[in-house]
Amino acid sequence: MRRRKLESLLADQERAAAAPTRPSLREAVALSRHGASTEELVATCRIGQSEARLIQMLYGASRLATEVSSTSDVH
């Protein structure tokens, strides 16, 4: 019984190691900050459209430009 469990765990680990890894969300954030489109984020980082839109709203280049212009207008 114990041997089967160990073999099952080993097989799971081998499958996980063989599966292609998903680029990190940090990469999506970095790409978004450099102006990547939603489609580019989806294709490059293998994330969903809604995830890509959220990343763009939070970290996108247009958001950063808006923040910079609004802080420079303050006197």
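No value in this document is a laboratory result; all are computed from the given coordinates. Please read these numbers as outputs of a predicted model, since none were measured by experiment. Here Cβ is always computed from backbone atoms with ideal geometry, including for glycine, and neighbour counts include all displayed protein chains.
Structure data summary
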| item | result |
| --- | --- |
| Simple spin-label estimate for TYR59 and GLU27 in nanometres, 7 Å along Cα-Cβ | 1.2 |
| Residue-span extension gain [GLU40 to ALA11] - 0.36 nm each, minus C-alpha spacing | 7.0 nm |
| Inter-probe distance in nm under a simple model that places probes 7 Å from Cα toward Cβ, at ARG2 and GLU51 | 3.9 |
